[in-house]
Amino acid sequence: MTVSRGARAWVRALRILSRATLVIAPLLFGHAFVKLVAGNPPEEPPPWRVVRTDPRLERLLPKSVTLERIAEGYAWVEGPVWHRKEHYLLFADIPNNAVYQWREGDGTRLFLETSGYTGRKPFEGREPGSNGLTFDSQGRLVLCEHGDRRVARLERNGRKTTLADRYEGKRLNSPNDLVFRSTGDLYFTDPPFGLPGTFEDPAKELPFSGVYRLSPGGALTLLTRELRAPNGIAFSPSERTLYVSNADRARAVWMAYEVLADGTLGAGRVFFDATAWAKNRKGAPDGMKVDREGHLFAVGPGGVHVFAPDGAHLGSIELDVPASNVAWGEDGSVLYVTADTAVYRIQTGTKGAGF
C-alpha cells in the first residue's frame with residue numbers, strides 16, 4: 001500500500017497535536033485527564049472508611065485515624081489476642097489449622113501448628129483450626145478448637161489440657177469465642193460453625209447452640225440456649241453485663257445479659273439489631289471488645305461498629321471485606337482487627353477495659 005506525501009504530513013501533524021494535548025490538558029483540566037488518555041485506571045478508594053453517626057465517636061476515633069495492614073496472605077483469620085507481658089499479637093488462621101505470632105519489628109511467624117484439630121484423618125470441613133483465643137491469669141493460652149470440639153489450654157511444655165469438651169455427656173458443637181471473668185470463670189460460646197455440615201452435621205450431638213460458664217474447678221454450666229448462633233462474647237467493665245453476638249443473618253443481633261450474683265445470667269435483651277444491615281453488607285455479628293468506658297467495638301455486617309453503653313450506634317469502621325474479630329493491644333489504645341485474609345491495626349482515642 002502506497003501512502004501519499006500529503007497523508008504522511010497529516011499523520012505527523014496529528015502526532016504533534018496529540019503530544020501537545022498531553023502537555024496542555026493537565027494545566028486546563030487536571031491530571032485526571034492524563035490518566036484517562038494514557039489508559040491508567042483512576043485511583044481506587046481505600047478498602048476502609050470511618051462513618052460517623054454521632055459526634056461522640058470523634059473522641060474514640062479521631063479524624064486522623066488510619067487502618068494499617070500488618071499481616072496478610074492467610075485463608076481466614078480470627079481470634080486476635082495481645083500478650084501484654086511479651087508484647088506480641090496472636091491470631092488464628094482457621095482453615096490452615098494454625099496460630100501465628102506478630103511482633104513489631106519482627107513480623108509474623110508460625111506459633112502453633114494443629115491449633116484446633118489433632119485427628120489423624122484429614123478434616124472434612126473448611127474450618128479445622130482454633131477460633132477464639134485468650135490468656136488466663138497465669139499467661140497460658142486458652143483456645144476454642146473447632147476440629148477437636150473443645151476448649152483447651154496450652155501448657156508451658158507445649159502440651160494441651162482439655163478444659164471442656166462435653167456437656168451432660170454429649171460433645172460440644174465447636175467452641176467459638178471466650179472471655180474470662182475476674183473470678184476465674186471462663187465464659188464461651190458454642191455454635192456449630194466448625195462442624196463440616198454446621199447446623200445439619202450428622203455428628204452434631206447437642207440440639208442447641210449454647211453459651212457456657214466453666215468454673216476454675218471444671219464445672220460446666222449452660223447459661224442460655226436461646227440463640228441460634230452465639231458467637232462473640234465480652235463483659236462490660238463492671239462485669240455486670242455479658243454481651244453475646246448472634247451470627248445469624250436472619251436475626252443479626254447483639255444481646256446483653258445481666259450477670260447475676262452467682263455468675264449465671266438473667267434475662268437477655270436486644271442490645272442492637274443489625275438484621276437490616278445483613279441484607280446488603282458482608283459479614284454477621286461476630287467478635288467484639290469493650291473499652292474502659294463501656295463502649296462496644298463489635299464486628300458485624302459491613303465492618304467494626306462502635307456502640308455507646310446505652311446501645312446507641314456512634315459509627316463504624318466500614319470494610320470492603322468481611323471482618324471477624326478485634327482485640328486491644330500495646331498500651332490498650334490500639335485496636336487490632338482480623339478481616340478475611342489479613343490483620344490490621346488502628347490507633348484509637350480510648351483504651352480497652354483492663355488496660
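The values are calculated or read from the model by the stated rules, or taken from the named source; none is laboratory data. The model shown is predicted, which means the values in this text are computed figures rather than measured ones. Quick reminder, even Gly has a Cβ in these numbers, built from the backbone with ideal geometry, and neighbours come from all protein chains shown. When the accessible area is computed, the model is the full protein with side chains, heavy atoms only, and any ligands, DNA or RNA have been set aside. Shrake-Rupley method; radii C 1.70, N 1.55, O 1.52, S 1.80 Å.
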(request) Count, please, the residues in the range 156-200 that happen to be in contact with a Lys or Arg (Cβ under 6 Å, 6 or more places away or on another chain), over 18 Å from residue 116 (Cα atoms) and in a strand (DSSP E or B). (result) 1
(request) Could you check residue 116 against (1) in contact with a strand residue (DSSP E or B) (Cβ under 8 Å, 6 or more places away or on another chain); (2) open to solvent by 50 Å² or more (accessible area, probe 1.4 Å) and say which number it fails? (result) (2)
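Name the residue, out of 163, 110, 143, that is under 20 Å from residue 289 (Cβ atoms) and either more than 23 Å from the chain's Cα centre (by Cα) or not basic (Lys, Arg) (or both).
None of the others qualify; the one that does is 143.
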(request) Report yes if some residue within the range 16-37 is modelled with pLDDT of 95 or more and open to solvent by 50 Å² or more (accessible area, probe 1.4 Å); otherwise report no. (result) no
(message) I'm told residue 55 meets every condition in (1) at pLDDT 95 or above; (2) open to solvent by less than 100 Å² (accessible area, probe 1.4 Å); (3) more than 19 Å from the chain's Cα centre (by Cα) except one. Can you identify the failing condition by its number?
(response) (2)
(request) Mind telling me which of the residues 253, 211 ends up being touching a residue at least 24 places away in the same chain (Cβ under 8 Å), open to solvent by less than 40 Å² (accessible area, probe 1.4 Å), touching an Asp or Glu at 6+ places or on another chain (Cβ under 7 Å) and over 29 Å from residue 121 (Cβ atoms)? (result) 253
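Keeping to the range 315-347, report how many residues are within 21 Å of residue 233 (Cβ to Cβ) and either touching a helix residue (DSSP H, G or I) at 6+ places or on another chain (Cβ under 6 Å) or open to solvent by 10 Å² or more (accessible area, probe 1.4 Å) (or both).
Residues in the range 315-347 being within 21 Å of residue 233 (Cβ to Cβ) and either touching a helix residue (DSSP H, G or I) at 6+ places or on another chain (Cβ under 6 Å) or open to solvent by 10 Å² or more (accessible area, probe 1.4 Å) (or both): 2 in total.
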(message) Report every pair of residues separated by at least 6 positions or lying on different chains whose Cβ atoms are under 6 Å apart, first residue within the range 111-136 and on the phi > 0 side of the Ramachandran plot, second in a loop (DSSP other than H, G, I, E, B) and among the polar types (S, T, N, Q).
(response) 114/97
(request) Would you mind telling me which numbered condition in (1) of a type in the set (Val, Ile, Thr); (2) touching a residue at least 40 places away in the same chain (Cβ under 8 Å); (3) surrounded by fewer than 18 Cβ atoms within 10 Å (Cβ to Cβ) residue 151 fails? (result) (3)
(request) Would you check if there is a residue in the range 121-139 being open to solvent by 20 Å² or more (accessible area, probe 1.4 Å), part of a loop (DSSP other than H, G, I, E, B) and of a type in the set (A, V, I, L, M, F, W, C)? (result) yes
(message) Exactly one condition in (1) among the acidic types (Asp, Glu); (2) closer than 19 Å to residue 287 by Cα; (3) open to solvent by 20 Å² or more (accessible area, probe 1.4 Å) is false for residue 145; which is it?
(response) (3)
(request) Filter the range 217-270 down to residues that are of a type in the set (A, V, I, L, M), over 13 Å from residue 189 (Cβ atoms), under 20 Å from the mean Cα position of the chain (by Cα) and not in a loop (DSSP other than H, G, I, E, B), then give me how many there are. (result) 2
(request) Could you grab me the full set of residues in the range 201-214 that are within 21 Å of the chain's Cα centre (by Cα) and part of a loop (DSSP other than H, G, I, E, B)? (result) 209
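Are any of the residues in the range 296-306 open to solvent by 20 Å² or more (accessible area, probe 1.4 Å) and either in contact (Cβ under 8 Å) with a residue 12 or more places away in the chain or among the polar types (S, T, N, Q) (or both)?
Of the residues in the range 296-306, the ones open to solvent by 20 Å² or more (accessible area, probe 1.4 Å) are none.
No, there is no match, as no residue in the range 296-306 is open to solvent by 20 Å² or more (accessible area, probe 1.4 Å) and either in contact (Cβ under 8 Å) with a residue 12 or more places away in the chain or among the polar types (S, T, N, Q) (or both).
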